[in-house]
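Engineer: Below is one structure. I have some questions about it.
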Amino acid sequence: MLTGKPRPRGRLPQESRGYRTYLTVNAIALVIICAVTLYPFVTLIAQSFSSSGAIKAGLVNLLPVGFNLDTYHAVTNDVHFWRSYGNTVLYTVVGTLVAMVLTTLLAYVMSREHLRGRNVIIGIAVFTMFFNGGIIPNYVLISSLELKNTMWAVILPGAMSVFNLLVMKSFFESLPRELEEAARIDGLGWWGIFTRIALPLSKPVLATMTLFYSVQFWNDWFSAFLYLDQTDLYPLSLHLRNLIAGATTTTAESAAAVGTTSAAIKDNVRAVTMVLAIIPILAIYPFVQRHFVSGVMLGAVKG
């Protein structure tokens, strides 16, 4: 028989000194990591609003020096910039839609234990995570399919990520089997179960995978670099890559658009373009962030 005084309901046990020390160290470590992560981003924004001379002299750190909006005017008046921006939006929207449809359908099928050849399909998918044909065979394949200089050359090679596929498969496997059995008793077929039960319950993982694919297509420049020869098809990432690589044509044209010299903006045109390029991703992320952790964790419970 217990003789101790009962603890009031709802009160947590007193934290030990070691646990409080752990929380303090963990909080300090997270603050340092966040500061290190944000420092380049804040510096990039400061450079985008600074004068070329201040950037060249290394005076720009966390705050702008020599406040300057000429580069923003030049870049936003550049026809090539907005054309590449539009291409990127198109590639990202269509690519994410295609990737989500293919990944969701295959993941649901692979999650059914009674599927014949299920282990073989999973094995083939995992095999492609570690081995691929290489750049030259892929280039020959895209050329033979006459996909060069089309948006499908950018979209189709990255239309399915095996990692995303396996995470989504694990999520579907974690759904209660009782719901599926009840739906079959009510007369629903596999397609009805998938669209009316599985998908509505999969909002966290769908939001997470949508974010993954959107960032992937938004940042992808290598596929466009390989398969696109026409500049009017370039995505924003390839446009930015050309700026970083030292291309000066766009800088000169941007400067001429606002009546200034390329020397006045060449040192921060890259920073301005980078800032403008990441705005859409920063705008989308808060809407899916609340699903992010739950989607990844639920999809990673099973192997």
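Every number in this text was worked out from the coordinates using simple rules, so none of it is lab data. Just so it is clear, the structure is predicted and the values come from calculations on it, not from any experiment. Here the Cβ is made from the backbone with ideal geometry for all residues, glycine too, and neighbour counts use every protein chain on show.
Engineer: Efficiency by 1/(1 + (r/R0)^6): what FRET value for N138 and R116, r their Cβ-Cβ distance, R0 = 35 Å, to the nearest 0.05?
Structural biologist: The value I calculate is 0.70.
Engineer: Moving on. Multiply the residue gap between D229 and F41 by 0.36 nm, knock off their C-alpha separation, and tell me the result in nm, one decimal place.
Structural biologist: Details: separation 188, 0.36 × 188 = 67.68 nm, distance 3.16 nm.
Computed gain between D229 and F41 is 64.5 nm.
Engineer: Within 10 Å of each candidate Cβ there may be at most 11 other Cβ atoms; applying that plus a DSSP loop requirement, which chymotrypsin sites (Phe, Trp or Tyr not before Pro) in the stretch 161-247 survive?
Structural biologist: When the chymotrypsin sites (Phe, Trp or Tyr not before Pro) of the stretch 161-247 are filtered for loop state and at most 11 Cβ neighbours within 10 Å, nothing remains.
Engineer: Among the trypsin sites (Lys or Arg not before Pro) in the stretch 93-151, which ones are in a DSSP loop with at most 14 other Cβ atoms within 10 Å of the Cβ? Mind listing them?
Structural biologist: Sites meeting the loop and neighbour criteria: R112, R116.
Engineer: For the stretch 80-144, run through the chymotrypsin sites (Phe, Trp or Tyr not before Pro) and keep only the ones in DSSP coil with at most 13 other Cβ atoms within 10 Å of their Cβ.
Structural biologist: Here the sparse-neighbourhood loop sites are F131.
Engineer: Points 7 angstrom from Cα along the Cβ direction at C34 and E181: gap in nanometres?
Structural biologist: Rounded to a tenth, the inter-label distance reads 4.6 nm.
Engineer: Distance from a point 7 Å along Cα→Cβ of F131 to each backbone N in the stretch 148-163: keep the residues under 19 Å and list them by number.
Structural biologist: 162-163
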